[in-house]
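To start, the structure itself, in structure tokens.
Only the coordinates and a few stated rules stand behind these numbers; no lab work does. Treat the numbers as computed from the prediction; the structure is a model and nothing was measured. We place every Cβ from the backbone using ideal geometry, glycine too, and count neighbours over all the protein chains shown.
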Amino acid sequence: MKPTTISKNIIMLSTLFLLPLQAAAEETVCSGALGNTVVDNLIVPSNSECVLHGTRIMGTIQVTGNAILTARKIVVIGNVQAENARQVSILENSRIGGSVQIKQGGGAIISDSFIESDIQFESNNQFFQAARNEIGGNLQVSQNRGGADIQYNTIDGNLQCKENAPTPTGGANRVRGNKEDQCARLAGLSAAQESCGQSRPTFGADARLHIPRLSVVTQDGVVVDYWANLHYVPALSTNGNLVFELREPASNLGQCN
């Protein structure tokens, strides 16, 4: 009977060794530049600078002590976490599937991007800006000493600011939750802000084309931004061309702040 038992054990061990092993996620160290590539997790080591453009991160980004991250048009499935970092910039239609957490460091700029969960900026000593973002969770700014500017964000959760010196500035934020403490006044849109704050032109059911921001250079070289509502003119739209005209400029044209 013993040979039979040994044979069964050998078969069982062989079966176990044939099972596929699950590969561990790889960690990419960035101390230079990465472009249009895919990585698992990414870490920016201490005293380094990492520049990302069009990079896709399947896990998380970690920015460590005195490091700098500048990211444009990136996609992150997880979180962006920075502690004691010098500067974090998330720009130009970047998409973060989790939260952005920046604590006990320098400054940060998060603009024109999509954050599925929260933005947390806590106990930092340099300037922070959050502008024209879509935020699926809360925007929380607390105990910072470098100043903060918060404007033109769409926030599904709460806008919470407390114990910051100086008090955060900004406005024109759409907040579906609560506006609390120092940021209680940083919501609401004037007509001009509503027009200029949109991210792309829209064509309405009233046959009007809304252009949220049009830059005009004057003879003196000064750039002035305008918003405009243009009316569709079917009689002049021939041969595949769409023609629009400006009617009643007093109510359909304005200068952005």
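Below, the figures for the structure above:
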item: Cα convex hull of the range 24-188, projected area averaged across orientations, nm²; result: 7.9
item: Separation between Cα centres of the range 24-64 and the range 84-124, rounded to whole Å; result: 15
item: Exposure proxy order (Cβ contacts within 10 Å, fewest to most) of F114, F128, F121; result: F114, F128, F121
item: Cβ-based net charge around V76, under 10 Å, with every Lys or Arg adding one and every Asp or Glu removing one; result: +1
item: The range 36-49 - phi-based ³J(HN,Hα) in whole Hz, Karplus 6.51/-1.76/1.60, Gly and Pro as x; result: 6, 9, 10, 10, 7, 9, 10, 10, 9, x, 4, 6, 10, 10
item: The range 154-168 - phi-based ³J(HN,Hα) in whole Hz, Karplus 6.51/-1.76/1.60, Gly and Pro as x; result: 9, 10, 6, x, 9, 10, 10, 9, 7, 6, 9, 9, x, 5, x
item: Neighbour-count ranking [beta-carbon atoms within 10 angstrom, fewest first] of T70, T60, T238; result: T238, T70, T60
item: Rounded to the nearest 20 debye, dipole of the range 24-188 from Cβ charges on Lys, Arg, Asp, Glu; result: 380
item: Under-5 Å amide H pairs with S89, H placed in peptide plane, nonlocal only; result: L69, T70, A71, I109
